Amino acid sequence: MATETVTVYTDGGSRNTGNHKGGHVNSTDRAAWAFLILHEEKRYTGSAGVLGATNNQMELTAILEALRKIYRKKLANKKIILISDSKYALDSINKGWLAGWAKNNWRNSTKKEVKNRDIWEAIYKALPYFPRITFEWTKGHADNEGNNFVDSLLNQTMDNMPTH
């Protein structure tokens, strides 16, 4: 039986070669995001990669790109469950931090500018178009088929990227 619920899986990743204490993402490090949208019998996927982005940037970009696709497919008013393995992304939305940052001119509780502000602002502006969306966490690299699919998709994207 078909359901009116839209189920969305998102993931982002970075092959950060500076991934050690004090290390930074290098400009040649591969990073990618991916989404899977399931609605009735339809499946929509998307993925893209960039060089020099962080894991968190890719997690957020995956969410933003999935929201854009849902909107373009005219599914924004459906019940949507977005599932991610990023506590950074989900806690920021579900615990109200995102709304607080917007009210505080994109400053966090320590008065510093919010990291990844450009992506957060775009997500914040998009969310009112999705009145029935909920965000759920799943353990990454475990037994969630949708999460494993988007993880595999973003890794394929990174595998196919040039190194410079």
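Things to note:
- Scanning the stretch 130-143 for residues that are farther than 17 Å from SER92 by Cα, at pLDDT 95 or above and charged (D, E, K, R) gives a single hit, ARG132.
- Residue satisfying all of: in the stretch 105-161; within 22 Å of GLU4 (Cα to Cα) and among the acidic types (Asp, Glu); surrounded by the most Cβ atoms within 10 Å (Cβ to Cβ) among these: GLU136
- Hits in the stretch 39-50 (condition: crowded, with 17+ Cβ neighbours inside 10 Å and in contact (Cβ under 8 Å) with a residue 60 or more places away in the chain): SER47, GLY49
- Test for THR5: is it surrounded by 13 or more Cβ atoms within 10 Å (Cβ to Cβ), out of contact with any Ser or Thr (no Cβ under 8 Å at 6 or more places or on another chain) and at pLDDT 95 or above: yes
- Pairing residues of the stretch 51-68 that are closer than 19 Å to VAL114 by Cβ with residues that are assigned to a helix (DSSP H, G or I) and of a type outside the set (A, V, I, L, M), at Cβ distances under 6 Å and at least 6 apart in sequence or on separate chains, gives ASN56/TYR88.
Yes/no per residue for (1) at pLDDT 95 or above; (2) of a type in the set (D, E, K, R):
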position	(1), (2)
ARG15	no, yes
THR45	yes, no
LEU60	yes, no
GLU65	yes, yes
ASN77	yes, no
SER86	yes, no
ASN94	yes, no
ALA102	yes, no
SER109	no, no
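- Residue in the stretch 144-160 that is at pLDDT 95 or above and assigned to a loop (DSSP other than H, G, I, E, B) present: yes
- Contact annotation: residue pairs with Cβ atoms under 8 Å, 6 or more positions apart or on different chains, pairing a residue in the stretch 109-132 that is over 18 Å from MET58 (Cβ atoms) with a partner that is surrounded by fewer than 16 Cβ atoms within 10 Å (Cβ to Cβ) and basic (Lys, Arg), are GLU113/ARG107; ARG132/LYS79.
The values are calculated or read from the model by the stated rules, or taken from the named source; none is laboratory data. Bear in mind that the values here come from a model prediction, so they are computed numbers and not experimental data. Glycine gets a Cβ as well: all are built from the backbone with ideal geometry, and neighbour counts include every protein chain shown.
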